[in-house]
Amino acid sequence: MIRNSIDVATRVSPSLSALIENRINRSEDDQYITLATIHDFVTGLLTGAFTETEQLHHFDIDESLLDELNALIEEFGETALAVDFVQETASEPLSRVIDFVMSGQDQENPPTLETVRNAMISGLLASLVGAGVLEEDEDDNLLVEIDALIDRHGADALAEEFLRYE
């Protein structure tokens, strides 16, 4: 299989990344999960053919995920390994939020993902939009993204480990 070198943080939504990672984690160790495999899985969820829907209730499964997946397949092919599309770093806007929270913390107590999330829901996002640090449309998916990182890595994971450096 050919591995794609892509910057998934800018190409894959946090929801699709989390869904792909969940599907990979549920597969057999020797099974290669491709974009086509994920496509079949999402199509099955949308048609109700899979019983895993109950187990995936925290994912927002809708047609937009399928559209996003179709665009990836068109660009990278059906045989592209799905693992290449799992986010391991924060998007650039979330990195700015993490950096802002880190600048307000002392070095001995670096912020965790939960600390960043709590700051976000306590009004930090609106403040950063007002200050021009974030564009108005950039803050829309940041809670989904931080929740996906927390689901995958735990609330106590150090936020600085997910910073994306340009």
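The values are calculated or read from the model by the stated rules, or taken from the named source; none is laboratory data. Fair warning: this is a prediction, and the values are worked out from it, not measured in the lab. Using ideal geometry, Cβ is built from the backbone for each residue, glycine included, and neighbour counts are taken over all protein chains shown. For the accessible areas, the whole protein counts, side chains as well, though only heavy atoms, and no ligand, DNA or RNA atoms are used. Shrake-Rupley method; radii C 1.70, N 1.55, O 1.52, S 1.80 Å.
Taking 0.36 nm per intervening residue step and subtracting the Cα-Cα distance, what contour gain separates D137 from D67 on full extension? Working it through step by step, the gained length comes to 23.2 nm.
Near T34, the amide H atoms lying under 5 Å from its own belong to A82; only residues 5 or more places off or on other chains count, and H is placed 1.01 Å from N.
Using a simple spin-label model with pseudo-atoms 7 Å out from Cα toward Cβ, N109 and S27 lie 4.2 nm apart.
Ranking V129, V97 by solvent-accessible area of protein heavy atoms (1.4 Å probe, all protein chains present), from largest to smallest, gives V129, V97. Amide H contacts for T112 (H built 1.01 Å from N in the peptide plane; partners 5 or more residues away or on another chain; cut-off under 5 Å): A159.
If the segment from D151 to T79 were pulled out straight at 0.36 nm per residue, it would be longer than the present Cα-Cα gap by 23.2 nm.
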